[in-house]
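Undergrad: Pasting a structure below so you can have a look.
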Ligand code: FA5
């Protein structure tokens, strides 16, 4: 019996080595240490031995059991480590893959254009001002020298808001009313730009939207002339569009500027597009803003931001920018 028993640890080690899971180790443990194991049988047989032989055989059995238990423990530990590594591996998240799937978007073309315009003019010493999108008739028309019933009002087909007297409250048709608010809130020198959203009953086509964006510019100081206006627009054109684009001023009419001009841009393909209006601030407008036209003069301009973005990126239809097809927007 002694030889068989002394052999048990080596056999148990071999069986444990072949086990590949904690369940299999449990089976090996039952085989070698359980009630029906050779060790248990040998223990039962101890009673038949004489006291001296029983003591030494008992000691051997205890040593064998301890060795088997510790080698099974060691193998259990090894297998649970391996299982943990395997579990970590299957639960691993590939974060690079997730980032790929949730690609970051970017600012809309018009917002990009607006930010860039602000940066350019702030760099030229202008401040940025804003006004309300819902305006009263006086700021949008009256203070800008549009006479009541004057056909010039029909140049900008207005959306009226059902508030107060009929046709007294409206969605602003241009950013020019912000000029009045700026003049009322500060005294010259004024060098400000006023970007914002405007509304007209225009049918959407390649160059028109019913909701669009303008950027207004207003300079009021002593001794401002038309040459300052032309020089500012020239500097702006080359800074914003870069080489290949030129601009021209074309005589025009706005009730709030005198003289007035249209500002057109020539695309690299040779075609022209009207981007905005400009002119010397009319004395009546300075007066409405609380400024003495005998002491100060100024110029103003108002450009369509959407059309600026259109030109800059070579898009040929304004509507493309607002359909919000990501395949289109992603290009910019
Ligand atoms: C004005 O709105 C004047 N307030 C501009 C101005 C300001 C003149 C200061 C003098 C001094 P106009 O209606 O032309 O002008 O519009 C100016 C620009 O807005 C146009 O040149 C064009 O670029 C843009 N625009 C006008 N209507 C639309 C539209 N429906 N969709 C997109 N852009 C438009």
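The values are calculated or read from the model by the stated rules, or taken from the named source; none is laboratory data. Every value quoted in this text rests on a predicted model; they were computed, and no experiment measured them. Cβ atoms come from the backbone with ideal geometry, glycine included; neighbour counts cover every protein chain shown.
Undergrad: Considering region 128-156 alone, what residues qualify as being over 16 Å from residue 176 (Cα atoms) and either in a loop (DSSP other than H, G, I, E, B) or at pLDDT 90 or above (or both)?
TA: Those that are over 16 Å from residue 176 (Cα atoms) and either in a loop (DSSP other than H, G, I, E, B) or at pLDDT 90 or above (or both): 148, 149, 150.
Undergrad: Kindly provide the set of residues from region 12-40 that are farther than 16 Å from residue 66 by Cβ, free of Cβ contacts under 8 Å to residues at least 24 places away in the same chain and part of a helix (DSSP H, G or I), ordered by number.
TA: 14, 15, 18, 23, 24, 26, 27, 30, 31
Undergrad: Does residue 306 satisfy the criteria of being loosely packed, with under 15 Cβ neighbours inside 10 Å and in the same structural domain as residue 123 (by TED's automatic domain parsing)?
TA: no
Undergrad: Can you say whether residue 264 is within 35 Å of the chain's Cα centre (by Cα), within 14 Å of the ligand (Cβ to nearest atom) and more than 20 Å from residue 217 (Cβ to Cβ), as far as the supplied structure shows?
TA: no
Undergrad: Looking at residue 161, is it in the same structural domain as residue 210 (by TED's automatic domain parsing), touching a helix residue (DSSP H, G or I) at 6+ places or on another chain (Cβ under 7 Å) and loosely packed, with under 15 Cβ neighbours inside 10 Å?
TA: So residue 161 does not fit the description; no.
Undergrad: Related question: How many residues are under 35 Å from the mean Cα position of the chain (by Cα) and either farther than 16 Å from residue 217 by Cβ or crowded, with 16+ Cβ neighbours inside 10 Å (or both) if we restrict to region 229-261?
TA: 13
Undergrad: Give me the pairs: first residue in region 170-199 and assigned by TED's automatic domain parsing to the domain that holds residue 219 and farther than 16 Å from residue 144 by Cα, second residue assigned to a strand (DSSP E or B) and more than 10 Å from the ligand (Cβ to nearest atom), beta-carbon distance under 6 Å, and six or more apart or on different chains, which are they?
TA: 188/220; 188/221; 189/221; 190/220; 191/219; 192/127; 193/128; 199/171
Undergrad: Another question about this same structure. Within region 272-294, does at least one residue satisfy the condition of being part of a strand (DSSP E or B) and surrounded by fewer than 15 Cβ atoms within 10 Å (Cβ to Cβ)?
TA: Looking through region 272-294, at least one residue is part of a strand (DSSP E or B) and surrounded by fewer than 15 Cβ atoms within 10 Å (Cβ to Cβ).
Undergrad: So residue 298 ticks every box in (1) more than 10 Å from the ligand (Cβ to nearest atom); (2) in a helix (DSSP H, G or I); (3) touching a residue at least 40 places away in the same chain (Cβ under 8 Å) but one. Which box is left unticked?
TA: (2)
Undergrad: Could you go through region 113-129 and let me know if any residue there is surrounded by 13 or more Cβ atoms within 10 Å (Cβ to Cβ), more than 26 Å from residue 313 (Cα to Cα) and out of contact with any helix residue (DSSP H, G or I) (no Cβ under 6 Å at 6 or more places or on another chain).
TA: yes
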